[in-house]
Amino acid sequence: MVRERELAEDLSQEVFLKAYRALDSYDPTRKFSSWLFKISHNATIDHLRRSEVSTVPLDGDSDGELGVGRILEDETEATPERRLLGSDLGQELDVALRSLRPAYREAILLRHREELSYQEIAEVTGASLGTVKTNLHRARKELAEILRRRGLLRPGEGA
């Protein structure tokens with residue numbers, strides 16, 4: 001969600017500290033992972049609300065700052081996460097996921113990477129079950145369309 005490894009690691013430490021301090025509020029009749037995801041979700045949303053949105057000039061500037069065009073061209077640069085994916089399809093999927101709006105990306109990642117149920121996703125995000133289902137449906141459709149435009153799916157394939 002935050003797109004920076006170091007920031008994600010910092011937030012993870014913050015989440016575990018919050019979870020430790022709030023252990024007495026944990027309801028053992030519920031899944032521990034859902035409770036921890038809820039804390040993580042809230043910490044991430046809080047961080048995103050607190051942080052300023054970074055902007056990038058369209059053309060760059062004379063101080064050598066990269067413009068949007070140069071940044072967008074750099075999608076093929078191998079990052080550790082992309083190397084871990086290890087395949088062209090994995091890289092393409094990573095790029096496509098990053099282009100989804102945050103609520104859709106979060107729903108897809110919680111469902112397919114973390115393998116949470118719809119109900120667990122609703123509990124983690126605080127969204128209704130209907131919203132979770134709608135977000136997943138729309139996210140899959142958008143993802144399929146992005147992959148189709150990139151030539152990875154034929155018309156009619158996908159969601």
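The values are calculated or read from the model by the stated rules, or taken from the named source; none is laboratory data. Here the structure is a predicted model, which means the values were calculated and not measured. Note that we place each Cβ from the backbone using ideal geometry, even for glycine, and neighbour counts take in every protein chain shown.
Results, tabulated for the structure shown:
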| read-out | value |
| --- | --- |
| Cβ pairs under 7 Å, 6+ apart, first in segment 117-138 and touching a residue at least 12 places away in the same chain (Cβ under 8 Å) and aromatic (F, W, Y), second part of a helix (DSSP H, G or I) and surrounded by fewer than 19 Cβ atoms within 10 Å (Cβ to Cβ) | Y118/L129; Y118/K133 |
| Evaluation of L143 against (1) buried (at least 16 other Cβ atoms within 10 Å of the Cβ); (2) within 24 Å of K31 (Cβ to Cβ) (one fails), failing number | (2) |
| Neighbours by Cβ (under 9 Å, 6+ apart or cross-chain): first from segment 16-41, among the basic types (K, R); second loosely packed, with under 14 Cβ neighbours inside 10 Å and outside any helix (DSSP H, G or I) | K38/G126 |
| Helices (runs of 4 or more DSSP H) completely within segment 87-159 that count 2 or more residues being under 25 Å from L48 (Cβ atoms), at pLDDT below 85 and not assigned by TED's automatic domain parsing to the domain that holds T44 | 88-99 |
| All positions within segment 112-159 that are within 16 Å of the chain's Cα centre (by Cα), farther than 17 Å from L97 by Cα and among the polar types (S, T, N, Q) | T125 |
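For (1) more than 22 Å from the chain's Cα centre (by Cα); (2) in a helix (DSSP H, G or I); (3) modelled with pLDDT under 55, each residue gets a yes or a no:
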{"site": "E9", "(1), (2), (3)": "no, yes, no"}
{"site": "V15", "(1), (2), (3)": "no, yes, no"}
{"site": "L36", "(1), (2), (3)": "no, yes, no"}
{"site": "D61", "(1), (2), (3)": "yes, no, yes"}
{"site": "L66", "(1), (2), (3)": "yes, no, yes"}
{"site": "D74", "(1), (2), (3)": "no, yes, yes"}
{"site": "E81", "(1), (2), (3)": "no, yes, yes"}
